[in-house]
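Novice: For reference, the structure I am asking about is given below.
The values are calculated or read from the model by the stated rules, or taken from the named source; none is laboratory data. Every value quoted in this text rests on a predicted model; they were computed, and no experiment measured them. Surface areas here come from the heavy atoms of the whole protein model, side chains and all, with no ligands, DNA or RNA. Shrake-Rupley method; radii C 1.70, N 1.55, O 1.52, S 1.80 Å.
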Amino acid sequence: MLITDSADHIKQRLIAEIDELCPQLPQNGAWANASGVDPGLALAAELDHRAVVQNEPNLRSLADCVRLVCLPTPSDRTYFADHRRVGKALIQAFQAASRHVDDELCCGLEHFVFGWAALPSCTDMLSKTASAARNAAFLGSRMAAHRVAAAERTAWRKAKEQEERRRQEEAEEEAVEGEEQAASVVAKAVPERQLVVARLSNDAMKNIKLKDILGPLKSVINTPLPLAEVPPLDEVRSTLLFEFPYAREVIDFALADLVGRVTVRLRPLLLVGDVGGGKSRFARRLGEVLGLTVWRTDASRNDGAVFGGTDRRWYSAEPCHPFLAIAQGKTASPLILLDEIEKAGTRSDYGRLWDCLLGFLEPETNARYPDPALQTNLDLSQVSYIATANSLDPLPSPIRDRFRVVSFPKPTAGDLDTLLPAVIADLARERGLDASWVPPLDGAEHAAVTRNWRGGSVRRLRRIVEAMLRERDLHATRN
């Protein structure tokens, strides 16, 4: 580094260091009083000899330093071995020093070391009168010039990119802050037991692409929507037991989820049972008795792309089904009925319904579901899901893990007497009549139903009773 800085006391400093380790060394005095290469190389050879005899590594280092200072620029192979030895020593010293010196010093050492290594190949470019060390320093600086310029250009480009990124992030932060401020205004105005499901900025509401989508949805965007309050559970239980006397355990299992709650939200529930047991009707009636809007989805005719919403770029874009259910009922806590979920398609061309459902059933994701049509996060945390299935076998394990699975029983012949009043009342409602206008079955009618229904499908029982009432009407006395 002293050579690179063009210091003029290098030889005197070396002579003093050698004299301290080897006092009165003749070769040292000869080199001090003479100039040229030979006295220096003679001193270096003596130092190498003493380094071996005295086991003193510092003398070997000083010998390499003497060669470094006195060697001329290589123009032939006269001093090739000495040049090569100094080069090896420089590279070893540089590798050791680069581990603990700072970057600036490391760059200076690198310039000189590889400048010395390039001396034999660049003699035509070098001064004939300058020493090999001076020419090595010159070559090193020339070798690094292009790298330094390239590094400067890279650093300038990175700085410019960072500045642009910083400005972009600031702009995005300002936009997000504006949306958060708007959202906070809405949030402050949200009454108790209400929820804002969708929040959109004024710019998004004016977006031309959203015009057709937002038409029927404006009333539920940026608007606090009510949450269905839990009705008296004893009344709900009595109503359901009247209609489904054979499903007492399922009723208690479902309603246990609402004990102690103020608003209605059922954890995902999967009803599994044979065909005709009344699973779908039970799920619908459970939602209706609890005061929920029920949105039925036929899983066999649905796929993930439809249920989860379609992207805004498509002409047929629409939000996800849970948000459509919210918009239909003007409430933040509807009930989604997934009928025959085991029959959902297994092709993944447009996304499987099973895979799509995972984001809706998980509390961590349904509170901030990214709707593809509205391109905003929806709070669907208060939506309830009930699915029906005839068998669990086709369902993948991630779906089973997210549902509470309960077996839905079929009624037996012993349940006939408790089922008949509910069936007759339901058929009366379908006819637009009050149940009090339809008398119970008489003895002959009851016996006929008993002969033709021995338990099993409630759907078949309804058909039998309906035929019985129709026959009664045909033979009724007319005034």
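Novice: Between Val86, Val37, Val53, which is within 60 Å of the chain's Cα centre (by Cα) and not polar (S, T, N, Q)?
Specialist: Testing whether each residue is within 60 Å of the chain's Cα centre (by Cα) and not polar (S, T, N, Q) leaves just Val86.
Novice: With region 9-101 as the region, which helices (runs of 4 or more DSSP H) entirely inside it contain at least 3 residues that are open to solvent by 90 Å² or more (accessible area, probe 1.4 Å)?
Specialist: The qualifying helices (runs of 4 or more DSSP H) are 10-21, 37-54, 80-97.
Novice: Looking at region 281-303 only, could you name the residues that are open to solvent by less than 10 Å² (accessible area, probe 1.4 Å), within 22 Å of Arg347 (Cα to Cα) and part of a helix (DSSP H, G or I)?
Specialist: Ala299
Novice: State yes or no: is Leu227 open to solvent by 40 Å² or more (accessible area, probe 1.4 Å) and at pLDDT 90 or above?
Specialist: So Leu227 does not fit the description; no.
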